[in-house]
Amino acid sequence: MSISPRLAAPRFVAVLLALVLALALAACGGEEEKAATGGASPAGAAFPVSIQHKYGTTEIKSKPTRVVTLGLSDHDAVLALGVKPVGAIDWFKERPYGKWPWTQPLWGSTPPTIVGERDDFQIEKIAALRPDLIIAQYSGMNKGQYEKLSKIAPTVGQSPKYDDYAMPWQEMSRVIGRALGEEKRMNDLIAGIEKRFADARKQYPQWAGKTVAVVEAYEPGKYAVFAPTDPKVDFMKSLGFAVPPKIVQAVGKEYAAEIGSERLDLVEVDRLVFLNSDPAAEKNVKNDRVYKTLKVAQENRALFVPYEEPPVGAALSFMTVLSIPYALDQLLPLLAR
């Protein structure tokens, strides 16, 4: 069973959209002129490029201009480098690729063509877009799909070092930066975000080593406790928090441990973060008889965060060079209360 947020379009004022765009551009090291022109390096400056991945080595001979992204969040890193993908995949049929305030200004009026949903790629539709690069990083692309796609255009698959959907955001971003000939610019973006995490750890030293659990209450009495490799948990770890061994053991190689109320002892931690896609979820959790017995509940150390309105949970789920600054701005004040 797969538990995932039901992502829906948030409504935000124009001021917030402008603010997020300013943050994204500022993260590029203040290179305003480059950002305005797409931040492209001189044509051919970094090419050819060879990238090793799960299914072999892909050579990219010249700077791509027509990019298709097949990972759930790959488009964010591509957009951050001034390139608008011509094709992207859908997620729960709700077009999450362009809904959020950290990407809306960058897509503008030219959204991509939808070429599939999650790992169900529409090969013919991808071919019709005539891409010169296909990227599948935060993806479950299999070998058969790769072989078909690589006949259409150079295709960069997942890292062989990690399970699907477990590659750190920094490494996915660096691969995308190399593939687009913008390695230095991407490294600068990553360094800027890592500095923000370091600044937060310095500002809140009391978080260092404190145990954390990130949970979704997807039905009354049913919970998904996310794995240490999940982007949402990775965000908390970057702030200094630690995942207790009992959660690591319970999750195993899955993306989450799916438990009932009787196993809520797993989330008896120093800081508990609930991500809610259903407005009634917080009430359901607080009415759970087992939850009421936990010290983390009695001492008010649980934080309830929406996936949308505002889309804090969505930003944590994406965990990209564009969404992380938004998530930091939104979540740090809540955690500091």
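The values are calculated or read from the model by the stated rules, or taken from the named source; none is laboratory data. Note that this is a predicted model, so its numbers are computed, not measured. We place every Cβ from the backbone using ideal geometry, glycine too, and count neighbours over all the protein chains shown.
Side notes on the structure shown:
- Among the residues of region 274-287, those that are closer than 16 Å to ILE259 by Cβ and touching a helix residue (DSSP H, G or I) at 6+ places or on another chain (Cβ under 9 Å) comprise PHE274, LEU275, VAL285.
- Test: residue in region 143-160 that is within 17 Å of the chain's Cα centre (by Cα) and farther than 19 Å from MET186 by Cβ: no
- Matching residues in region 240-287 - criterion: being surrounded by fewer than 14 Cβ atoms within 10 Å (Cβ to Cβ), within 30 Å of LYS161 (Cα to Cα) and among the small types (Gly, Ala, Ser): GLY252
- Residue selected from region 98-116 under the condition touching a Pro at 6+ places or on another chain (Cβ under 6 Å) and under 15 Å from ALA314 (Cβ atoms), by the criterion surrounded by the fewest Cβ atoms within 10 Å (Cβ to Cβ): GLY98
- For the criterion of being charged (D, E, K, R), more than 27 Å from ASP230 (Cβ to Cβ), in a loop (DSSP other than H, G, I, E, B) and at pLDDT 60 or above, LYS63 passes.
- Contact annotation: residue pairs with Cβ atoms under 7 Å, 6 or more positions apart or on different chains, pairing a residue in region 321-332 that is at pLDDT 95 or above with a partner that is β-branched (Val, Ile, Thr) and in a helix (DSSP H, G or I), are VAL321/ILE190; VAL321/ILE193; ILE324/ILE193; PRO325/ILE193; TYR326/VAL20; ALA327/VAL312; GLN330/VAL312; LEU331/VAL312.
- Candidates are the residues of region 220-239 that are surrounded by fewer than 19 Cβ atoms within 10 Å (Cβ to Cβ) and without any contact (Cβ under 8 Å) to a residue 60 or more places away in the chain; the one that is nearest to ASP278 (Cα to Cα) is LYS222.
- Boolean, LYS143 is charged (D, E, K, R) and free of Cβ contacts under 8 Å to residues at least 60 places away in the same chain: no
- Considering only residues in region 146-190 that are in a loop (DSSP other than H, G, I, E, B) and touching a Leu at 6+ places or on another chain (Cβ under 7 Å), the one that is farthest from GLY71 (Cα to Cα) turns out to be GLU182.
- Residue match in region 183-200 (condition: closer than 29 Å to ALA127 by Cβ, not hydrophobic (A, V, I, L, M, F, W, C) and not assigned by the TED database to the domain that holds VAL267): yes
- Residues satisfying the stated conditions in region 280-304, i.e. among the hydrophobic types (A, V, I, L, M, F, W, C) and closer than 25 Å to LEU332 by Cα: ALA280, ALA281, VAL285, LEU294, VAL296, ALA297, ALA302, LEU303, PHE304
Results for (1) under 16 Å from TYR165 (Cβ atoms); (2) hydroxyl-bearing (Ser, Thr, Tyr); (3) assigned by the TED database to the domain that holds LYS54, shown as yes or no for each residue.
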{"position": "THR103", "(1), (2), (3)": "no, yes, yes"}
{"position": "PRO111", "(1), (2), (3)": "no, no, yes"}
{"position": "GLU124", "(1), (2), (3)": "no, no, yes"}
{"position": "ALA128", "(1), (2), (3)": "no, no, yes"}
{"position": "ILE134", "(1), (2), (3)": "no, no, yes"}
{"position": "MET141", "(1), (2), (3)": "yes, no, yes"}
{"position": "GLN145", "(1), (2), (3)": "yes, no, yes"}
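- Top-ranked residue in region 191-227 [being hydrophobic (A, V, I, L, M, F, W, C) and assigned to a loop (DSSP other than H, G, I, E, B); ranked as farthest from the chain's Cα centre (by Cα)]: ALA208
- Top-ranked residue in region 288-310 [being touching a residue at least 40 places away in the same chain (Cβ under 8 Å) and in contact with a helix residue (DSSP H, G or I) (Cβ under 8 Å, 6 or more places away or on another chain); ranked as surrounded by the most Cβ atoms within 10 Å (Cβ to Cβ)]: TYR307
- Among the residues examined, THR211 does not qualify as among the hydroxyl-bearing types (Ser, Thr, Tyr) and at pLDDT below 95.
- Yes/no for LYS161 being basic (Lys, Arg) and in the same structural domain as ARG301 (by the TED database): no
- Within region 228-337, helices (runs of 4 or more DSSP H) holding 3 or more residues that are of a type in the set (Gly, Ala, Ser): 312-318
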